[in-house]
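One structure is given here, and the rest of the page talks about it.
The values are calculated or read from the model by the stated rules, or taken from the named source; none is laboratory data. Since the model is a prediction, treat every value here as computed from it, not as a measurement. Reconstructed Cβ throughout: ideal geometry from the backbone, glycine too, with neighbour counts over all protein chains shown. Heavy atoms of the whole protein, side chains included, go into the accessibility calculation; ligands, DNA and RNA do not. Shrake-Rupley method; radii C 1.70, N 1.55, O 1.52, S 1.80 Å.
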Amino acid sequence: MSRPHPARAVTVALGLVLVASGAAMPAVAGTPAPLPAVTPRAEAPTLYDDEAGGNANADDPAIWRNTADPGRSLVIATAKEGGLRVYDLDARQVQSIPAPPSARPGDAPGRFNNVDLVHRLRLPSGRADIAVTTDRGHDRLRFHRIDRGRPGGPLTDITDPAAPPVFSTGQDEINEQRTAYGLATWTDPASGRAYALVSRRNRTGLALLELRATAAGTVTYRTVRTLDLPASFRLPNGTTWAPCGEPGEQAQVEGMVVDPANGVLYAGQEDVGIWRVRADLTGTPKLVDKVREYGVPGVYDEATEECVPGADPGFGGTRLSADVEGLTLLTEPDGDGYLLASSQGDETFAVYDRDPRDGNDYEGGFRVTAASAALDGSEESDGAAVLNAPLGAKYPKGLLVVQDGHDTPGDGDREATGFKFVDLGEVMKRIDD
C-alpha cells in the first residue's frame, strides 16, 4: 500500500548522504550510521496506472527457479488491474496475462494483488509448479501452471471456474472490496497438503485455505480456519490505541511468508508490525517487532484523506516505518537464514534472524539505491521476493526482486511503478558486514 512520496535525501553506503545536487556529504556526527546500500542490476519495463497503461500497477513478485536450466528461471509479478507479468532474468517481459473482467457491468474488475508459488502440486496429469494469486477484485484465488517451454508463454490458467469467494458472501459484498489481499503459500511436510494463507483488505482477518485439484485438472480451495489479529492495542500508559485510517477500516495485513522448516507464518500488519504465528493459524500470535508509529494517535481528515498524527508517546519500534510490507524469507543451506521486510516509510529493508528460538533478532538492514541516472533504486517498496540459489551466469548467488513504488525517470505525471532485480550476493555482503 503506497503512501504519499515526501521530498527527502537518499542515503547511501559508506557514511555518505546524497543530496539533491548529487554532491556527497559526511553523515552528521552523533547520528546513527546510515544503512548500507545495494544497487539493482536490471529493472522490468515501467508500468503505468492509467488507461493508456492498462491500469497496471506493480505490486508483488515471486521467483520461479527452472531446475532443468536455472539461467531460464522466471519472475512472476502482479500488476493489479494490469494482471500478471512474467519476466526473464534480464527483466524482459515474456508474458502478460490480463486480470479477469468484471462479473457484471458496474462490478469491481479483476485485480491481482499478491503472488506466491506452490511446487509440485499433485494434479491428475502429474505434479506441477503453480503460481497462486489473490484476485482482490473478485475475492478469489487464481492458479496458473508454470511450463517454461510452453508455446505462447509459460503460464496457463488452471483456476476452477467454481472456485468460491474467499471472504465475501456475494457479489455486492465483493464490490465493497474487503476481499482477498495478501498471500503466502505453505505445504505441510507431514501431510503433503498445500495451503494458501490469505489476508483480508481493510480487516485484520487471515484465512487458511487448503488447495485442491479437481478431476478436470483445475485447482480450487476450501477454508480450513480463520484468525483475526488485533485491531486495537493496550498501551503501557493504560490507554487503548488503534491505527488511524479511513472510517470503518482496520489495520490490514499484506506482506506474508511461511518458513517451511518450522511451519511459522510471518505476517506484516501494515501500521502495527510483524506478527509470528503457526501457519495452521492455531496458537497465539506474537508481535515480533513494531513500526515506529505504533501507539501514535491520529485523526482522519476527510478533506485531505490523510491522518493527522498526534504526539508520539514512544511505544513504537526503531527499525520499521509504516507501512511494513514485502516479507520474504532468505534461507541458507545450513538451516540459518533471514526474514526480510520492506520498511516502506523510510524506504529501507529490515533483516531479522530466521530462528524464532533466538527471538527473530534484528540483524541489520539495507537500501536499494540508484545504479545510474537511468536505473533507479526502490522507493516505497511493496512486495519483495528472494531466492538463495544459483540462477545461471546472471545471478550465480541468487536474486532479490523488489517492487519500486516510484519508478524514475517516469513519463510526466503518470503513476509509474516497476520491479528491480538485485544480485543477492551483493545483499549478503552487506548483511554479513
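Here are the numbers for the structure shown:
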item: Some residue of the range 173-185 being modelled with pLDDT under 95 and out of contact with any strand residue (DSSP E or B) (no Cβ under 9 Å at 6 or more places or on another chain); result: no
item: Residue list for the range 188-202, restricted to those being more than 18 Å from Leu327 (Cα to Cα) and either of a type in the set (S, T, N, Q) or under 14 Å from the mean Cα position of the chain (by Cα) (or both); result: Ser191, Asn202
item: Considering residues of the range 240-278 that are in a loop (DSSP other than H, G, I, E, B) and open to solvent by 60 Å² or more (accessible area, probe 1.4 Å) only, the residue farthest from Gly335 (Cα to Cα); result: Pro247
item: Test: residue in the range 33-43 that is over 26 Å from the mean Cα position of the chain (by Cα) and at pLDDT below 95; result: yes
item: Selected residue (only one of Ala215, Ala190 is in a loop (DSSP other than H, G, I, E, B), farther than 17 Å from Asn114 by Cβ, touching a residue at least 60 places away in the same chain (Cβ under 8 Å) and open to solvent by 30 Å² or more (accessible area, probe 1.4 Å)); result: Ala215
item: Residue, farthest from Trp64 (Cα to Cα), within the range 151-187, restricted to residues that are among the β-branched types (Val, Ile, Thr) and without any contact (Cβ under 8 Å) to a residue 40 or more places away in the chain; result: Thr169
item: Output for the range 151-181, where each listed residue is assigned to a strand (DSSP E or B) and among the β-branched types (Val, Ile, Thr); result: Thr156, Thr159
item: Segments classed as strands (runs of 3 or more DSSP E), wholly inside the range 31-117, with at least 3 members that are under 29 Å from Thr179 (Cα atoms) and open to solvent by less than 50 Å² (accessible area, probe 1.4 Å); result: 61-64, 74-78, 84-87
item: Residue satisfying all of: in the range 370-384; hydroxyl-bearing (Ser, Thr, Tyr) and in contact with a Gly (Cβ under 9 Å, 6 or more places away or on another chain); farthest from Thr46 (Cα to Cα) among these; result: Ser381
item: Residue that is farthest from Glu249 (Cα to Cα) [pool: residues in the range 284-307 that are in a strand (DSSP E or B) and free of Cβ contacts under 8 Å to residues at least 12 places away in the same chain]; result: Lys286
item: Residue ID - surrounded by the fewest Cβ atoms within 10 Å (Cβ to Cβ), chosen from residues in the range 383-409 that are touching a Ser or Thr at 6+ places or on another chain (Cβ under 7 Å) and part of a loop (DSSP other than H, G, I, E, B); result: Asn388
item: Close pairs from the range 226-253: first without any contact (Cβ under 8 Å) to a residue 12 or more places away in the chain and within 14 Å of Gly273 (Cα to Cα), partner surrounded by 12 or more Cβ atoms within 10 Å (Cβ to Cβ) and of a type outside the set (Gly, Ala, Ser), Cβ under 8 Å, at least 6 apart; result: Ser232/Trp241; Ala242/Phe233; Ala242/Gln250
item: Any hit, the range 193-210, residues being more than 24 Å from Leu387 (Cβ to Cβ), assigned to a strand (DSSP E or B) and of a type in the set (Val, Ile, Thr); result: no
item: Flag for Arg278 being without any contact (Cβ under 8 Å) to a residue 40 or more places away in the chain, more than 24 Å from Pro109 (Cα to Cα) and under 21 Å from the mean Cα position of the chain (by Cα); result: yes
item: Subset of the range 118-150 [open to solvent by 50 Å² or more (accessible area, probe 1.4 Å), part of a strand (DSSP E or B) and in contact (Cβ under 8 Å) with a residue 24 or more places away in the chain]; result: His119, Arg122, Arg140
item: Test for Val258: is it of a type in the set (A, V, I, L, M) and within 29 Å of Phe315 (Cα to Cα); result: yes
